[in-house]
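What follows is calculated from the coordinates using simple rules that are stated; it is not laboratory data. Fair warning: this is a prediction, and the values are worked out from it, not measured in the lab. Here the Cβ is made from the backbone with ideal geometry for all residues, glycine too, and neighbour counts use every protein chain on show.
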Amino acid sequence: MQTLEPYLAEHPFLEGLEPYQLKIIVGCASNVRFDAEQYILREGEEATNFYIIHQGKVALEIFTSDRGPITIQTIGEGEVLGWSWLIPPYQWHYDARAIEPTSAIALDAKCLRAKCEEDHDLGYELLKRFTHVITQRLEATRLQLLDVYGVH
Amino acid sequence: MKSIIPEPMIPKPFRIHRKLKETHDTYTIELESTNGADGFPFSAGQFNMVYVFGVGEVPISISGDPSIPKMLRHTTRSVGTVTKAILKLRSGDVLGVRGPFGSHWPVNEAVGNDVIIVAGGIGLAPLRPVLYSFISQRDKYGKIILLYGARTPEDLLYKKELEQWRGRFDLEVKVIVDSATGNWRGNVGVVTTLIPRIQFDPLHTVAMICGPEVMMRYTLKELQSRGIKNENIFVSMERNMKCGICLCGHCQLGPKFVCKDGPVFCYDHIKELFGKREI
Ligand SMILES: Cc1cc2nc3c(=O)[nH]c(=O)nc-3n(C[C@H](O)[C@H](O)[C@H](O)COP(=O)(O)OP(=O)(O)OC[C@H]3O[C@@H](n4cnc5c(N)ncnc54)[C@H](O)[C@@H]3O)c2cc1C
Ligand code: FES
């Protein structure tokens, strides 16, 4: 049976992990597919997974009663979706909807949190990687807030 | 008696042949000379001083195809007194044009390299002539990648052309908007987030950037982090202008004059001036 290990070992997000750490992550991983328009996660629901997008595109949305869903970011091939699984109370803050047929690798949150508690080296490695993703997202959000294309 | 006014200070009359709506606040006007002159040769990246009689004069980049000099095109976004007046004009109306002025994008220097064009908002206007030039000599370049960011899907310029370019196998076009509602299926986020998603040969890539200065600053960082050298990055700068021909000093960027040394600069030549507070 083909495992996810070769793909995850090559992925920039997991680059540099010890082989045993990679094995632990592979043990918590599974392949998933979403149709276009299918919701992957919903605001307020328990964050049971995070995803590494293999192919396709996902929109992060906030639902507003007057304007309907507003897309605040799209996530594509090779990128990581979701960090609420790391931070209590482990609930999603946004909706995420596949806007194209999307395949991804789902990482089981409970499984990974338990492994990280057991092995703090693994926990630290994952935290470093997620901090990078969160920082990039924060920088992009600040630029969006500046509304650089508006007339000032 | 000989006039003491330098020739480039005298606007030439041009008639509006056609006015095309791009977005709610941006139009492209097509101009033809009123005296039947043959054409208006220019290089990609240059600008004209456009004069609305009785209102004022502003620098506007030339957004047309350098290989079709007969039709002079300007894409103008209405932000203040003069640009609003330009957009109130109709087909048949006449305005004054001085130019072309300034430096140009390194279209020839980029031959043999991959090329990344990063445009933000109205910044696509001075870069459109570059795309026309690249497409007309497609086999001379490696990869050609256009990354274009706008505020919303409704604010995208040149939608039909973007679609055509995106449909070609030999161009990579990625469009992104700051926010979108409902049926937009494209990317959402800032233009810098597109840079990690593209593949190119960093040692043989020329990048050309035009947009608001903050956007250019973060784009520069991202391109540098991907290994593109400063001497291969070009930016287009904006400053207030009056004369357009290096006489008045209005457009100074430190020791440089944007109207003559720019608007297109090699980043390596202005890196000490770029983003400096005092300038
Ligand atoms: C080399 C060069 C090329 C340019 N090319 C183009 C072009 O192709 N198309 C185009 O639409 N514009 C272009 N511009 C910008 C254009 O020249 C200005 O928008 C114009 O001078 C504003 O004049 P105004 O009288 O309409 O506005 P003003 O009455 O002078 O200003 C009114 C308000 O608009 C704001 N404003 C002024 N300029 C800008 C701006 N650039 N962006 C956002 N807000 C602004 C001011 O802060 C002010 O609040 C270029 C500028 C330069 C230096
Ligand atoms: S605009 Fe007068 S010196 Fe540049």
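How large is the charge dipole for segment A:27-71, taken about the Cα centre, if only the Cβ atoms of Lys, Arg (+1) and Asp, Glu (-1) carry charge, to the nearest 20 debye? Provide the component values of the computation, followed by the final result.
Working: 4 positive and 7 negative charges, 40 e Å.
In debye, rounded to 20, segment A:27-71 gives about 200.
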Over the Cα atoms of segment B:7-101, what is the Rg over Rh ratio if Rh follows Kirkwood?
-> 0.92
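Roughly speaking, what % of Cα-Cα pairs in chain A are separated by over 24 Å, rounded to a whole number? Walk me through the intermediate numbers first.
Working: 4037 of 11476 pairs.
Value for chain A (Cα pairs over 24 Å): 35 percent.
I need the per residue convex hull volume for segment A:1-73, using only the alpha carbons, in cubic angstrom as a whole number.
Details: hull volume 9.1 nm³, N = 73.
Enclosed volume per residue, from the Cα hull, is 125 Å³.
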For segment B:138-222, evaluate the Debye formula with one uniform point scatterer on each Cα (no solvent term) and list log10 I(q)/I(0) at q = 0.16 Å⁻¹, rounded to two decimals.
-> -0.68
Once the dipole of chain A is set up with Lys and Arg at +1 and Asp and Glu at -1 on Cβ about the Cα centre, which of A:L86, A:P19, A:V32 lies farthest towards its positive end?
-> A:L86
Taking the alpha-carbon set of segment A:92-136, what are its Rg and Dmax in Å?
-> 13.4, 37
Calculate, for A:Y124 and A:R67, the FRET efficiency according to 1/(1 + (r/R0)^6) with r their C-beta to C-beta distance and R0 35 Å; round to the nearest 0.05.
-> 0.30
Most to least packed among B:168-175, A:86-93 [average Cβ atoms within 10 Å] = B:168-175, A:86-93
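Peptide A:140-152: average number of partner chain Cβ atoms within 10 Å per residue?
Working: counts 7, 2, 3, 11, 7, 1, 5, 4, 14, 16, 5, 6, 2.
Mean partner-chain Cβ count within 10 Å for A:140-152: 6.
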Within segment A:92-134, which residues have the backbone N less than 11 Å from the label spot 7 Å out from A:E43 along Cα→beta-carbon, could you tell me?
-> A:93-96
Along each of its three principal axes, how wide is the spread of alpha-carbon positions in segment B:148-279, in whole angstrom units, largest first?
-> 49, 34, 27
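If packing is taken as the average number of other Cβ atoms within 10 Å across a peptide's residues, how do A:11-23, B:39-51 rank, most packed first?
B:39-51, A:11-23
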Under 5 Å from the placed amide H of A:Q73, counting only residues 5+ away or on other chains, we find A:L60
Applied in sequence order to segment A:72-83, the curve 6.51 cos²θ - 1.76 cosθ + 1.60 (Karplus, θ = phi - 60°) yields integer Hz couplings, x standing for Gly and Pro, of 10, 6, 10, 10, x, 3, x, 9, 9, 10, x, 10
Excluding residues fewer than 8 places away in the same chain, name every one of the lysines whose C-alpha is closer than 24 Å to that of B:K12.
-> B:K2, B:K70, B:K84, B:K88, B:K242, B:K260
Cα-based Rg of segment B:77-165 per 2.2 N^0.38 Å, rounded to two decimals?
-> 1.31
Quick one: what are the phi-derived ³J(HN,Hα) couplings along segment B:60-65, Karplus 6.51/-1.76/1.60 with θ = phi - 60°, whole Hz, x for glycine and proline?
-> 9, 5, 8, 10, x, 8
Given H placed on each backbone N at 1.01 Å, which residues far from B:C248 in sequence or on other chains put an amide H within less than 5 Å of it?
-> B:C243
In whole Å, how far is the Cα centre of segment B:108-165 from that of segment A:46-60?
-> 31
Could you work out the mean count of beta carbons from other protein chains within 10 Å of each residue's beta carbon in A:70-82?
-> 4
What does the average come to when, for each residue of peptide B:208-215, you count the partner chain Cβ atoms lying within 10 Å of its Cβ?
-> 2
Mind checking the log10 I(q)/I(0) for segment B:223-279 at q = 0.15, 0.18, 0.22, 0.28 Å⁻¹? Debye, one equal scatterer per Cα, no solvent, two decimals.
-> -0.45, -0.61, -0.83, -1.14
How are the C-alpha pair distances of chain B spread across 5 Å bins, as whole percents from the shortest bin up?
-> 1, 6, 12, 17, 19, 17, 14, 9, 4, 1, 0, 0, 0, 0
What is the log10 of I(q)/I(0) for the protein assembly as shown, computed with the Debye formula using one identical point scatterer on each Cα and no solvent, at q = 0.08 Å⁻¹?
-> -0.53
So what are the ³J(HN,Hα) numbers for segment B:207-224, from phi and the Karplus equation (6.51, -1.76, 1.60; θ = phi - 60°), rounded to whole Hz, Gly and Pro as x?
-> 10, 10, 10, 8, x, x, 4, 4, 4, 5, 4, 6, 5, 4, 4, 5, 5, 4
